[in-house]
Amino acid sequence: MSVLINDTCINCGACIDECPVEAIVDEDDNPDDEDVYYVYGDKCVECVSHHDEPACATACPTEGCITWDVIGDSPSHRDDITDEQRNDKANIVD
Ligand code: SF4
Ligand code: SF4
């Protein structure tokens with residue numbers, strides 16, 4: 001993973017078109033069969049080289065819905081995000 005959409009997602013769709021690498025899918029394509037949007041961690045680049053911060057989180061109207069997650073197979077990630085922020089699933093946008 002890299003960033004994570006949690007179960008407070010209201011399926012509004014505001015994030016999906018903001019992603020520069022098409023890492024986000026909607027609830028119909030959620031590989032976990034959960035009724036929320038989903039980020040593929042092996043595609044998400046945390047918007048490095050695209051935006052100053054993750055564009056999905058900036059667009060999301062639901063506070064705390066998109067958080068940091070472990071880097072995993074992410075092809076690129078932000079070096080200024082601590083392990084603590086990732087392990088604690090810290091909010092990207094307060
Ligand atoms: S952080 Fe950026 S690259 Fe990752 S899912 Fe969100 S918009 Fe896409
Ligand atoms: S913008 Fe937030 S609430 Fe809306 S679909 Fe994306 S993750 Fe869910």
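The values are calculated or read from the model by the stated rules, or taken from the named source; none is laboratory data. Source: prediction; values computed, not measured. As a convention, Cβ positions derive from the backbone with ideal geometry for all residues, glycine included, and neighbour counts pool all protein chains shown.
Is it the case, given these coordinates, that E84 is more than 15 Å from ligand 2 (Cβ to nearest atom) and modelled with pLDDT of 95 or more?
yes
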Of the numbered conditions (1) within 11 Å of ligand 1 (Cβ to nearest atom); (2) surrounded by fewer than 18 Cβ atoms within 10 Å (Cβ to Cβ); (3) among the aliphatic types (A, V, I, L, M), I5 fails exactly one; give the number of that condition. (2)
Exactly one of N11, N6, N30 is of a type in the set (S, T, N, Q), without any contact (Cβ under 8 Å) to a residue 40 or more places away in the chain and either more than 10 Å from ligand 2 (Cβ to nearest atom) or within 18 Å of D94 (Cβ to Cβ) (or both), and that one is N30
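In this structure, is N91 closer than 22 Å to T8 by Cβ, touching a strand residue (DSSP E or B) at 6+ places or on another chain (Cβ under 7 Å) and loosely packed, with under 15 Cβ neighbours inside 10 Å?
So N91 fits the description; yes.
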Are there any pairs, at least 6 apart or on different chains, whose C-beta atoms fall under 6 Å, with the first in the stretch 54-69 and assigned to a helix (DSSP H, G or I) and the second at pLDDT below 95 and more than 7 Å from ligand 1 (Cβ to nearest atom), and if so, which? A57/V93
Test for D69: is it surrounded by 15 or more Cβ atoms within 10 Å (Cβ to Cβ), at pLDDT 95 or above and in contact with a helix residue (DSSP H, G or I) (Cβ under 9 Å, 6 or more places away or on another chain): yes
Which condition from (1) near ligand 1 (Cβ under 9 Å from one of its atoms); (2) surrounded by 17 or more Cβ atoms within 10 Å (Cβ to Cβ) is the one that Y37 breaks? (1)
